[in-house]
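Structure first, then comments.
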Amino acid sequence: MSGETDLTTLLSTLTTTLHDGTYVFVTLPDNTIPPGLTPRMMFQESEGTTLILLKDQAQDHGLAFEFPSRMITLNVHSALEAVGFIAVIATKLAAAGMGVNPVAGFFHDHLFVPEGREEDALSILRGIATSP
């Protein structure tokens with residue numbers, strides 16, 4: 001289950017899934033996650049715990065948040081040690097003036113792109129997959 005490492009294969013077989021909902025980034029001190037939250041991702045940093053969760057959940061819990069974004073899953077099983085995959089994608093999105101927050105899972109990479117730019121991102125990703 002190590003995943004694909006060949007950059008050409010990763011790029012040429014790339015498909016995507018745009019997930020429903022708007023996601024936001026929240027930080028909380030000391031790994032204190034309020035009951036009822038179901039974060040998509042949690043990462044402990046020295047300054048606090050970063051959560052990526054649906055905007056509705058953050059608002060319902062009165063949490064301050066940043067970067068309203070849409071989540072796009074890259075449907076190719078990229079190896080955790082794959083070289084250049086996210087770099088190619090981030091460079092193409094940057095050329096279109098789009099910031100991206102990538103998150104690596106064991107099986108897939110996920111992109112959080114600015115809300116309202118998701119269709120631009122999907123178009124760019126389709127272009128990457130069809131480029132020779």
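Please treat every number below as a calculation from the coordinates, not as lab data. Keep in mind the model is a prediction, meaning the values are calculated, not measured. Counting neighbours? That spans all protein chains shown, and the Cβs are built from the backbone with ideal geometry, glycine included.
Worth a mention:
- Tail weight of P(r) past 23 Å, computed on alpha-carbon pairs of the range 7-130, percent: 34 percent
- Unit Cα scatterers, Debye sum, the range 1-53: log10 I(q)/I(0) for q = 0.17, 0.23, 0.28 Å⁻¹: -0.73, -0.84, -1.03
- With Cα atoms, 0 to 90° folded angle of helix 85-95 axis to the chain main axis: 80 degrees
- A simple packing score, the average count of other Cβ atoms within 10 Å per residue, orders the peptides 56-68, 106-118 as 106-118, 56-68, with the highest score first.
- Peptide ranges 45-51, 82-88 listed from the most packed, as the mean C-beta count within 10 angstrom indicates: 82-88, 45-51
- Over the range 7-130, relative contact order from alpha-carbon pairs under 8 Å, at least 6 apart, %: 31 percent
- Taking A94, A104, A121 as the candidate residues, the one with maximal mean-square fluctuation in a Gaussian network model of the chain, Cα springs under 10 Å, is A94.
- Packing-based order for 14-23, 32-41, using average beta carbon neighbours within 10 Å, highest first: 14-23, 32-41
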